Amino acid sequence: MPEKVLVAMSGGVDSSVAALLLKEQGYDVVGAHMKLWDYVDVGGDIYKDGRCCTIDSITDCRMVCDAIGAPFYVLNMSARFSEKVIENFVNEYKSGRTPNPCVICNSDIKWVEFLRKAEEIGCDYIATGHYATIEKMLDGRYGIRKGVDGTRDQAYVLWGISQRALSKTLMPLGKRRKADVREIARRYNLRTAEKTESREICFVADDDYRRFLREYEEKRGRSFEPGDIVHTDGTVLGRHHGTAFYTVGQRKGMGIAHPTPLYVQKIDTEKNVVIVGDNDTLFRNELKAESVNWVAMAPAEKLFEAEVKIRYLHQPAPATVTPLTDGTVHIIFRDKQRAITPGQSVVFFDGDLLLGGGVIA
Amino acid sequence: MESVYLDYNATTPIDPEVVQAMLPYLTEGFGNASSVHQYGRDAKVALENSREQIASIINCEPSELYFTSGGTESDNIAVIGTAYQLRKKKKHLIVGAAEHHAVLHPAEHLHKKEGFGLDLLPVDAEGFASPRQLAELLRDDSALVSVMHANNETGTIEDIKTLADIAHQNGVLFHTDAVQSTGKINVDVKDLGVDLLSLTGHKIYGPKGVGALVVRQGVKIAPLFFGGSHERKRRPGTENVAGVVGLAKTLEIAEKRREADFTKLSELADYFIDSVSRRIPDVYFNGSRQRRIPQTVNLSFEGIEGESIVLSLDMKNIAVSSGSACTSGVTEPSHVLMAMGKPAVVSQGAVRFSMGRSTTKEKLDYVLAELPPIIERLRDMSPVYDR
């Protein structure tokens, strides 16, 4: 009997082609869309195209599955998504950090709940349309490699997946380029072939996270406390509308007239102040990471060298990673890095191989 | 692989006899029932004959019967039309907590957007609304009470006559959604004593896209559509003549078969419930064994999600449902079972098996063979099931 795989389908071209390729490789393919949120709850522009979790996207998945001859289901995971991802997103901002909701969604929803559902209905694997590959290492561990299409490094958001989950995952697009994937979709006449992609946070449909935070808190009868914007030299420069609306490295939106450009340096939720200063002082050479997960590499016992990436659009920089006894790691970069931001993921690579990652403390 | 359809409460195939009755009105008898010429007259006659035929089956006056596109539209016109008609004096609604969304959502809309007061009439563990509680909720400014005749998820049959009586004693109009009961049990509008009643064809081997709303003589409702004098201006739009002819034929056949089907389906359902209970531990029956549409069998399997059971059965070509499915196919936790006070784990583990004319003991035996290993596998994986 062919092995059975549950393909996570967003309604975009990548997951459509992933399903198609697996079908061609002889797998027994089942498509599923994770319904994670509703416009009624998250607000934003319901008429914006190309978003997952909309009726139109679900219809696209359904039609693609029919075209490739696979059954299709919608799995309602909105309660868990709301609890694990959205709540975390809001709480992180409220604690002065800048979250990566996609990382949490991958670690806690896709590679836990979706995988569980797949196993419940008798599937051997789950599959996604990520541009990355999963590789069994010599020591038996599972590693993740960046996809060959250098323009889309999706490995960064995959660092939190457990070894067991990786052993049950297929990523058929890792060795392909986006342009080729579109070409395949066109050749097979998949209706998602020309769909544009969204790289922003899915449940913040208008990409305005401040609007989202404001509405989320208002609905729950909570508000944000205004406070001072303080320069690193101690002078008070102005007022902020709530520290949650600021992120380290941010330049725009301060509402302060100042002879030199100002950048957010630090968010101090205890004193309820946003600290701003020059670009120069944003550069630091060390950080501490918590909630560490080891991927291609067994949990490190001594320091090692790696290329370390501190945000999605960051060029990995050489550093030494030192594991500490409490499970956290201390990272020292060879060169100073700009705007090391608490709450963002930090991921360690050896070339294109993802070794592990954590959250910047 | 064998395939078994057990989702007749969702919809049914059209009876070939109904198709035959409809065909002439889809082809040569295509006229617009409002036209003055012979084509129009023929269509109009077919429409009015069907109206009389249906009225006589459900015991109402032909002039009380308004054709619609189906149950959802009938429910919306009943709830919103009544509310708009009475809004100057009466701005309070009472609807059953276990109603179909076609009643609940318009009522919630009126509550949230148009300032109507709304109370949900609770149901007990078997899904029955209490007349005493209805009496307590009724107010001087209550416009409408809406309680469904038979529940789509559990089949529970409400005592509509008693509930309508209480509403009337307080001068309040009463609507019942009879979508799941019409053609399956005796639906007698006069005997039920309701002011408004919704019905549809596709749950009883009729075509989709046609239904009716009964509006008792003298009851005024505001129209929601404008654009013609069709259906006494209460529901303008070119009449769906073929659909209405099909609906009449559907009800005629259903009425003829009703008692025999009821007996046969009761036996099959009892056989199924008892067999499942014997073969699988920790199964709960949701609803009333005694007073329900017999073909509706709602079971909860402790420790597992209904969704996983439905998907696993689909892979064995067995079609059932959990909760109620909306257009996107998303399974929501059942508001019906929640209203019946079932704990969330029971509501989530619920699966509805609904039987119909082509259900046989052999087909149920196939399901009875496939179901236990699926439940066992899911329970082995379940983090919450531990026996």
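Computed from the coordinates by the stated procedures, all read-outs in this text should not be read as laboratory data. Owing to the predicted nature of the structure, the values given are computational and were not obtained by experimental measurement. Cβ coordinates were reconstructed from backbone atoms using ideal geometry, including for glycine residues, and neighbour counts include every protein chain displayed.
Listed from fewest to most Cβ neighbours within 10 Å, the set B:Met338, B:Met22 follows the order B:Met338, B:Met22. How high is the relative contact order of chain A? Use alpha-carbon pairs under 8 Å, at least six apart in sequence, and give a whole percent. 17 percent. The aspartates and glutamates within cross-link reach of A:Lys178, meaning a Cα-to-Cα straight distance under 12 Å and a gap of 8 or more places when in the same chain, are A:Asp14, A:Asp149, A:Asp153, A:Glu194, A:Glu197. Panel values: chain A, Kirkwood radius from alpha carbon pairs, Stokes-Einstein at 4 °C and 1.567 mPa s, translational diffusion coefficient 60 µm²/s.
Dividing the convex hull volume of the alpha-carbon atoms in the range A:283-360 by its residue count gives 77 Å³ per residue. Could you compute the FRET efficiency for B:Asp365 and A:Lys336, with r as their C-beta to C-beta distance and R0 at 56 Å, rounded to 0.05? Computed FRET efficiency for B:Asp365 and A:Lys336: 0.15. Once R0 is set to 45 Å, what does the formula 1/(1 + (r/R0)^6) return for the Cβ-Cβ distance between B:Lys88 and B:Asp159, expressed as a FRET efficiency to the nearest 0.05? Calculated value: 0.90.
Farthest towards the positive end of the charge dipole of the range B:16-253, among the residues B:Ala222, B:Ile57, B:His109, is the Cα of B:Ala222, using unit charges on the Cβ of Lys, Arg, Asp and Glu.
About its Cα centre, the dipole of the range A:210-359 is roughly 580 debye, where the only charges are +1 on Lys and Arg Cβ and -1 on Asp and Glu Cβ. The charge dipole of the range B:239-387, taken about the Cα centre with unit charges on the Cβ atoms of Lys, Arg (+1) and Asp, Glu (-1), comes to about 380 debye, rounded to the nearest 20. Taking label points 7 Å from Cα along the Cα-to-Cβ direction, B:Lys112 and B:Thr238 give a separation of 3.6 nm.
Report the gain in length on full extension from B:Arg279 to B:Ser266: 0.36 nm times residue separation, minus Cα-Cα distance, nm rounded to one decimal. Intermediate results must be reported in sequence, preceding the final value.
Details: separation 13, 0.36 × 13 = 4.68 nm, distance 1.99 nm.
Roughly 2.7 nm would be gained on extension.
Considering only beta bridges that DSSP places wholly inside chain A, some 70 percent are antiparallel.
Distance between the modelled labels on A:Ala79 and B:Thr27, one decimal in nanometres: 5.2 nm (7 Å Cα→Cβ projection). Computed from backbone phi, the HN-Hα couplings of the range A:293-302 come to 10, 9, 10, 6, 10, 5, x, 5, 10, 9 Hz, rounded to whole numbers (Karplus: 6.51 cos²θ - 1.76 cosθ + 1.60, θ = phi - 60°; Gly and Pro given as x). Its Cα gyration tensor gives the range A:1-45 an equivalent ellipsoid, and the semi-axes of that ellipsoid, as √(5λ) in whole Å with the largest first, are 29, 11, 4.
Taking every residue in B:315-322 and counting other chain Cβ atoms within 10 Å of its Cβ, the average works out to 1. For B:Lys89, a cut-off of 21 angstrom between C-alpha atoms picks up these lysines, skipping any fewer than 8 places away in its own chain: B:Lys112, B:Lys113, B:Lys220.
Each of A:Trp111, A:Trp294, A:Trp159 was scored by other Cβ atoms within 10 Å of its Cβ. Listed from fewest to most, they are A:Trp294, A:Trp111, A:Trp159. Report the one residue of B:Ser312, B:Gly81, B:Val145 whose Cα lies farthest in the direction of the positive end of the charge dipole of chain B (charges on C-beta: Lys and Arg +1, Asp and Glu -1; origin at the Cα centre). With unit charges placed on the Cβ atoms, the residue in question is B:Gly81. Extending 7 Å from the Cα toward the beta-carbon at both B:Asn49 and A:Ser167 defines two label points whose distance is 7.2 nm.
With the charge dipole of the protein assembly as shown set up from +1 on Lys and Arg Cβ and -1 on Asp and Glu Cβ about the Cα centre, the Cα lying farthest toward the positive end among the listed residues A:Val7, A:Ala193, B:Leu199 is that of A:Ala193.
Basic side chains Lys and Arg get +1 at the Cβ, acidic Asp and Glu get -1 at the Cβ, and with that the dipole of the range B:16-253 about its Cα centre reaches some 860 debye. Distance between the C-alpha centers of the range A:113-180 and the range B:162-207? Whole Å please. Each part's Cα centre sits 55 Å from the other's. Legend: Rg and Dmax of the range B:234-387, from Cα coordinates, 18.0, 60 Å. Peptide A:120-129 shows a mean partner chain C-beta count of 3 within 10 Å per residue C-beta.
Once backbone amide H atoms are built at 1.01 Å from N, A:Gln337 has A:Arg284, A:Asn285 as its partners under 5 Å, excluding neighbours fewer than 5 places away on the same chain. Pick from B:Gly71, B:Gly40, B:Gly96: which residue has the top mean-square fluctuation in a GNM of chain B where Cα pairs under 10 Å get a spring? Most flexible of the set in this elastic network: B:Gly40. As a calculated quantity, the FRET efficiency between B:His101 and B:Asp386 at R0 = 35 Å, using C-beta atoms, amounts to about 0.50.
For the protein assembly as shown, what is the percent of antiparallel DSSP beta bridges, rounded to the nearest 5?
65
Averaging 1/r over each pair of different alpha-carbon atoms in chain B and inverting the result gives 21.7 Å, the Kirkwood hydrodynamic radius. At the listed q of 0.06, 0.08, 0.10 Å⁻¹, the Debye profile of the protein assembly as shown, built from one uniform point per Cα, gives log10 I(q)/I(0) equal to -0.47, -0.80, -1.10. Estimated purely from DSSP H runs of n ≥ 4, each contributing -39500 (n - 2.57), the mean residue ellipticity at 222 nm for the protein assembly as shown is -9000 deg cm²/dmol once divided by its residues.
Beta bridges from DSSP with both residues in the range A:1-130: antiparallel share about 0 percent, rounded to the nearest 5. Counting neighbouring beta carbons within 10 Å and listing from fewest to most, the residues A:Cys105, A:Cys202 come out as A:Cys202, A:Cys105. Of all lysines in the structure, the ones whose alpha carbon falls short of 16 Å from that of A:Lys288, not counting any fewer than 8 places away in one chain, are A:Lys266, A:Lys302, A:Lys309, A:Lys336.
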